[in-house]
Amino acid sequence: MTQGKHPDMKINVAQLLKEPTGAVRRGNLSEDITGMDDDLEIKSLLTGPLKMIRTADSILVTASLRTALGLQCSRCLEPFSAPVELEIEEEFYPRVDIHTGAKIPVTQTEEEAAIIDEQHVLDLAEVVRQAIFLALPMHPLCTEDCAGLCSQCGQNFKDGPCECTAEVVDPRLEILKQLL
Ligand SMILES: [Zn+2]
Ligand SMILES: [Zn+2]
């Protein structure tokens with residue numbers, strides 16, 4: 001793990017690639033992924049268990065990870081921090097054969113993100129980044145019942161009611177009053 005604006009999450013899997021199909025590695029991640037993406041405000045370490053399985057032609061990575069993100073409430077526009085859980089399941093395909101050193105052609109169905117490079121290193125960063133974006137709520141709410149802002153004065157109802165709410169009169173009642 002290097003420090004910097006765009007952290008990587010590199011794991012050398014050379015040893016695991018040499019082992020027979022079904023071989024397993026388990027570990028726990030605890031990574032500072034601050035700066036992973038300019039559009040993400042990462043508030044805590046990315047943590048959780050990680051499992052790597054040697055398959056016939058890949059390394060299958062599964063992980064249950066959690067972190068926290070800084071979001072803006074879609075109703076009251078206040079910033080808040082929300083926990084995010086990521087279920088990662090991704091197959092990483094080697095570029096070269098671990099035993100012969102021969103290049104393995106990359107098929108079109110394999111994503112660029114899920115490649116084990118010539119040094120037998122896989123990088124989880126891009127897969128994690130994509131998983132975070134998928135986990136982001138479309139309409140983040142600071143609390144489930146956030147009442148939002150007054151459309152007239154902009155008061156956050158979290159801070160109490162405003163003056164104008166009491167004076168809103170249903171226009172239909174107003175017409176009725178005139179008729180009477
Ligand atoms: Zn809110
Ligand atoms: Zn108001």
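The values are calculated or read from the model by the stated rules, or taken from the named source; none is laboratory data. As the structure is a prediction and not an experimental result, all values here were calculated from the model. Glycine gets a Cβ as well: all are built from the backbone with ideal geometry, and neighbour counts include every protein chain shown.
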| For segment 38-46, does any single residue satisfy the condition of being more than 16 Å from ligand 2 (Cβ to nearest atom), surrounded by 14 or more Cβ atoms within 10 Å (Cβ to Cβ) and among the β-branched types (Val, Ile, Thr)? | yes
| said: Can you tell me how many residues within segment 144-165 are within 31 Å of the chain's Cα centre (by Cα) and surrounded by 12 or more Cβ atoms within 10 Å (Cβ to Cβ)? | reply: 7
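Filter the strands (runs of 3 or more DSSP E) completely within segment 1-99 down to those with at least 2 residues that are within 16 Å of ligand 1 (Cβ to nearest atom) and of a type outside the set (D, E, K, R). Lay out the reasoning, then the answer.
On the way: elements: 10-12, 24-31, 46-54, 59-72, 79-94.
In segment 1-99, the matching strands (runs of 3 or more DSSP E) lie at 59-72, 79-94.
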| remark: Inside segment 113-138, the number of residues satisfying the requirement of being surrounded by fewer than 19 Cβ atoms within 10 Å (Cβ to Cβ), assigned to a loop (DSSP other than H, G, I, E, B), touching a residue at least 40 places away in the same chain (Cβ under 8 Å) and over 12 Å from the mean Cα position of the chain (by Cα) is 1
| note | Checked Gln108, Gln155 against criteria (modelled with pLDDT of 85 or more and of a type outside the set (Phe, Trp, Tyr)); the one match is Gln155
| First in segment 141-156 and closer than 18 Å to Pro83 by Cβ, second anywhere and away from ligand 2 (no atom under 16 Å from the Cβ), Cβ under 7 Å, 6 or more apart | Leu141/Cys73; Leu141/Ser74; Cys142/Cys73; Cys142/Glu78; Cys142/Phe80; Cys146/Cys73
| So which residues in segment 48-87 are touching a strand residue (DSSP E or B) at 6+ places or on another chain (Cβ under 6 Å), in contact (Cβ under 8 Å) with a residue 60 or more places away in the chain and surrounded by fewer than 15 Cβ atoms within 10 Å (Cβ to Cβ), if there are any at all? | Gln72
